[in-house]
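Read the figures in this text as sums done on the coordinates, not as results from a lab. Since this is a predicted model, take the numbers as computed values, not measurements. Backbone-built Cβ (ideal geometry, glycine too); neighbour counts: all protein chains shown.
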Amino acid sequence: MVYTKPHYEILDGLRGVAAIMVVAFHVMEAYTINPFDQILSHAYLAVDFFFVLSGFVIGYAYDDRWSKMSIGNFLKRRIFRLHPMVVFGTLLGVILFYFGASTIFPLIQDVSIGKLLIYALLGMLLIPMPPSMDIRGWQEMYTLDAPIWSLAFEYIANILYALFIRKFSKIALSILVFIAACATLYLTLTQGDVIGGWALDGHHLHVGFTRLMYPFFAGLLLYRMGKLIRIRRAFLWCSLLLVAVLVVPRIGGPETLWMNGLYEATIIIIVFPLIVFMGASGEIKGKYTSKICKFLGDISYPLYLVNYPLCYIHIGWISDKKYTLAEAGWVPVIVFAASVLLAYLALKLFDEPVRKWLRKFILSTQRM
């Protein structure tokens, strides 16, 4: 019998709330490409919230297991947890790729099936593609399913944790987190936001590593501080706070980038760790709240990775038709609902069965 630690149910639920917000942002992205006018303009910060959650959960799940676990075994567990949906999202991107052909994605029509299959293999192996290999027109490093970029950085954080940072004392980790916070503040005040990370070039790599380092290792430090308090109705209050900070419109304009940058730095550096702290401090008493958190937690990761192949088609269609949000009618609602349904099917028919088989594989190899 294998002992598994209980989940932080509220954190699972908050992951789902964040996933819903980022999918809503992706759907609305079709109607306002300009970041200054974007609907739900701060919902993309859900990615940074995911990193805080990941750092906290990695510390909780693995900090006390290194006396019995090798680096290789840790990385194998992480791959088996994360990679099935990377494969699924990439294959979904292949299936839907040609349906996205449009004026905004001008390169699609010239891509052969053979070339597409090569890119599918690269995507499933998590090999990033430089702008020179773009086959869509947006220069994404994972052009078949753009959100995979954050999973690539998640892998990097896991590797850094396993090789070095798991050994850091609280003081050393605090110094790292402080330096990363300074880097975040510098980026936001100079750029005006943390938009970026999905392309394989100097600017996006800088943004991507900056978005990764503070949230992930601040989450790890938060876990190691270990001083939680009891908070009633934590899931409700945390969800409301999370949604509230993500729906705030962009602050300032092109001449006052620092204003929006200061807001985003405050959210990333202070508010997101606070929400995770509150969520970890709370407990669930009602069975319905527990079921909601479980459902949201279960669906969050598949939802994040299946929505964008659908959004490519939606963005291309809106771009060609030049519809406003009002003229599109029920289309954005349908795209959102289809993303949720597809995520649930991917969870039940692919992700859970594959991970169940892989867990058996881990156990069988450990007994050998």
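Structure data summary
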quantity	calculated
Gyration tensor (alpha-carbon) shape descriptor, segment 165-267, a/c threshold 1.5	oblate
Extension gain, Lys167 back to Val248 (0.36 nm per residue minus Cα-Cα distance, nm)	25.3 nm
Contact order relative to length of the chain, as percent, for alpha carbon pairs under 8 angstrom and 6 or more apart	33 percent
For the chain, size of Cβ-based charge dipole, Lys and Arg +1, Asp and Glu -1, in debye	2000 debye
Per-residue Cβ neighbour rank within 10 angstrom, fewest leading, Phe74, Phe50	Phe74, Phe50
Where N is the number of residues in segment 219-308, Cα Rg divided by 2.2 N^0.38 Å	1.31
Filter on Lys5/Lys291; Lys294/Lys356; Lys76/Lys287; Lys167/Lys360; Lys5/Lys356 - keep pairs with C-alpha separation over 23 Å	Lys76/Lys287; Lys167/Lys360
10 Å-binned pair-distance histogram of segment 246-368 (Cα, whole percent)	10, 20, 29, 28, 10, 3, 0
Net charge of Cβ neighbours under 14 Å - reference Leu349; Lys, Arg +1; Asp, Glu -1	0
222 nm mean residue ellipticity, helices alone, for the chain (DSSP H n ≥ 4; -39,500 (n - 2.57); rounded to 500)	-22000 deg cm²/dmol
Summed residue charge, Cβ within 13 Å of Thr210's Cβ, Lys/Arg positive, Asp/Glu negative	-2
Kirkwood Rh (inverse of mean 1/r, distinct Cα pairs), segment 9-111, angstrom	16.9 Å
Inverse of mean 1/r across different Cα pairs in the chain, Kirkwood, Å	21.3 Å
Equivalent-ellipsoid semi-axes of segment 99-236, from the Cα gyration tensor, Å, largest first	36, 16, 16
Estimated dipole of segment 6-88 in Debye, rounded to 20 [Cβ of Lys and Arg +1, of Asp and Glu -1, Cα centre]	560 debye
Rg to Rh, two decimals, where segment 280-333 supplies the alpha carbon set and Rh follows Kirkwood	1.23
Helix runs (DSSP H) in the chain reaching 18 Å along axis by Cα, Kyte-Doolittle at least 0.5	9-28, 46-62, 71-96, 148-163, 170-191, 202-225, 234-247, 331-346
For segment 31-167: span of alpha carbons on each principal axis (Å, largest first)	55, 39, 23
Potential extension, Leu325-Lys360 segment - 0.36 nm per residue separation minus Cα distance	7.8 nm
